[in-house]
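The values are calculated or read from the model by the stated rules, or taken from the named source; none is laboratory data. Small disclaimer: the values here were computed from a predicted structure and weren't measured. In this analysis, Cβ positions are derived from the backbone assuming ideal geometry, glycine residues included, and neighbour counts consider all displayed protein chains.
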Amino acid sequence: MIKSIPNGVYPTMITPYTADNKVDYNAVEQIINWYCERGVDGIFAICQSSEIFFLSFEERYELLKFIIEHTPKNISIVASGHTADDIPTQLDEAKRFIDLGIDGYVFISNRLAKQDESDDVLLKNVDIFMNEIQDTAFGIYECPYPYKRLMTPETLGKLARTGRFTFLKDTCCNPEQIKAKLDAVEGTGLKIYNANSATLLDTLKMGCAGFSGVMANFHPELYSWLCKNYEKEPEKAQLVQDVVGFFSVAERQVYPINAKYYLTLDGLDMGYTSRARSIDDFNIGCHYEIEEMHRVTQFVKAQLGIK
């Protein structure tokens with residue numbers, strides 16, 4: 001039986017490192033607890049924010065295993081992690097991840113077909129996975145790296161009607177396109193989670209199930225409040241939307257280093273180096289901007305009554 005996943009907030013989980021550039025599992029556990037304390041509904045593990053293209057398969061596997069073992073059972077876990085170019089290797093990796101006990105396996109759309117190949121190739125490769133893997137919920141992630149392959153409404157509708165797909169992390173940043181996708185999957189079990197902060201409120205009103213984006217590594221509690229209260233308190237919701245939408249310019253800063261730095265401001269004991277970005281790019285001005293974001297977040301939380 002394919003398991004549905006809850007609506008709400010799914011942070012794209014980051015990976016902290018020790019001083020000798022190994023995965024810092026003490027910090028990983030702190031991040032999990034930090035997410036849970038701030039009202040997330042699930043975790044999107046082993047994704048681009050996790051720096052999967054800079055982790056070995058063994059690192060990705062052990063990291064996911066640790067996340068599953070240390071996440072409360074009421075928090076859903078969806079995971080990706082297939083970085084190989086060839087489908088047989090991707091299939092083997094997917095089976096290994098799924099056997100760990102995740103709630104949904106999320107395909108990276110650009111891994112299923114090359115940039116110059118049609119969606120017919122993508123659908124053919126998805127069929128291979130569906131035939132080889134039974135009783136597992138699937139998702140799609142429109143990952144920007146190494147190239148962004150957005151799902152068309154037509155292709156997404158075909159996947160949704162298989163009954164196997166429950167999750168789309170949408171990165172198109174365009175409400176009109178999201179509305180077309182929502183229409184294409186209406187009546188199926190596939191839910192759309194917007195990754196774009198600026199358009200979140202409008203797309204929640206359209207029928208999106210929640211938020212799954214990088215900014216949930218800064219203040220997931222604001223996204224959780226917005227997802228749960230936008231209908232009950234529309235005026236406050238618009239103000240919260242304006243705050244998180246403007247804050248999201250931090251995505252263009254040195255992410256995920258800036259997110260790791262933000263977490264240290266919240267008291268987590270972790271470094272903020274990255275394998276994907278240079279710490280030298282996170283200059284003193286970047287430090288100030290993230291510190292200012294942190295202070296404003298505390299102010300907004302106080303106005304909303306969030307502890």
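Just checking, how many residues over the stretch 162-176 are in a helix (DSSP H, G or I) and crowded, with 16+ Cβ neighbours inside 10 Å? Of the residues in the stretch 162-176, 1 are in a helix (DSSP H, G or I) and crowded, with 16+ Cβ neighbours inside 10 Å. Take the residues in the stretch 208-222 that are hydrophobic (A, V, I, L, M, F, W, C) and in a helix (DSSP H, G or I), then tell me which one is surrounded by the most Cβ atoms within 10 Å (Cβ to Cβ). Looking at residues that are hydrophobic (A, V, I, L, M, F, W, C) and in a helix (DSSP H, G or I), I get A216.
Every residue, every condition in (1) basic (K, R); (2) buried (at least 20 other Cβ atoms within 10 Å of the Cβ); (3) part of a loop (DSSP other than H, G, I, E, B), yes or no:
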site: T188; (1), (2), (3): no, no, yes
site: I192; (1), (2), (3): no, yes, no
site: N196; (1), (2), (3): no, yes, yes
site: S224; (1), (2), (3): no, yes, no
site: K228; (1), (2), (3): yes, no, no
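Considering every residue within the stretch 87-103, establish whether at least one is assigned to a helix (DSSP H, G or I), touching a residue at least 24 places away in the same chain (Cβ under 8 Å) and of a type in the set (S, T, Y). No, every residue in the stretch 87-103 fails to be assigned to a helix (DSSP H, G or I), touching a residue at least 24 places away in the same chain (Cβ under 8 Å) and of a type in the set (S, T, Y). Applying the criterion of being touching a residue at least 60 places away in the same chain (Cβ under 8 Å) and over 17 Å from the mean Cα position of the chain (by Cα) to the residues of the stretch 230-262, the residue that is nearest to I32 (Cα to Cα) is V240.
Scanning the stretch 7-33 for residues that are assigned to a loop (DSSP other than H, G, I, E, B) and either under 17 Å from R60 (Cα atoms) or within 14 Å of the chain's Cα centre (by Cα) (or both) turns up N7, Y10, P11, M13, I14, T15, P16, T18, N21, K22, D24.
Exactly one residue out of G81, G139 is at positive phi and either at pLDDT 95 or above or in a loop (DSSP other than H, G, I, E, B) (or both), and it is G81. Considering (1) assigned to a strand (DSSP E or B); (2) of a type in the set (A, V, I, L, M); (3) surrounded by fewer than 23 Cβ atoms within 10 Å (Cβ to Cβ), the lone condition that A250 does not fulfil carries the number (1).
Conditions (1) among the basic types (K, R); (2) touching a Lys or Arg at 6+ places or on another chain (Cβ under 8 Å); (3) not in a helix (DSSP H, G or I), marked per residue:
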residue: D242; (1), (2), (3): no, no, no
residue: V254; (1), (2), (3): no, yes, yes
residue: T264; (1), (2), (3): no, no, no
residue: R277; (1), (2), (3): yes, no, yes
residue: I290; (1), (2), (3): no, no, no
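Looking at K73 and the list (1) without any contact (Cβ under 8 Å) to a residue 60 or more places away in the chain; (2) closer than 30 Å to L204 by Cβ; (3) under 18 Å from the mean Cα position of the chain (by Cα), which single condition is not satisfied? The single condition K73 does not satisfy is (3).
Considering K205, K236, K232, the condition of being in a loop (DSSP other than H, G, I, E, B), basic (K, R) and farther than 19 Å from I5 by Cα is satisfied by K232 alone. Filtering the stretch 37-65 to residues that are without any contact (Cβ under 8 Å) to a residue 60 or more places away in the chain, closer than 17 Å to M13 by Cβ and surrounded by 17 or more Cβ atoms within 10 Å (Cβ to Cβ) leaves I43, A45, I46, S50, I52, E59, R60, Y61, L63, L64.
The set of residues in the stretch 55-78 that are part of a loop (DSSP other than H, G, I, E, B), more than 20 Å from P6 (Cα to Cα) and touching a helix residue (DSSP H, G or I) at 6+ places or on another chain (Cβ under 9 Å) contains only L55. Selection of the stretch 280-295 for residues being exposed (fewer than 14 other Cβ atoms within 10 Å of the Cβ) and aliphatic (A, V, I, L, M) yields only I284. Filtering the stretch 34-51 to residues that are assigned to a helix (DSSP H, G or I) and either touching a Ser or Thr at 6+ places or on another chain (Cβ under 9 Å) or among the hydroxyl-bearing types (S, T, Y) (or both) leaves Y35, C36, Q48, S49, S50.
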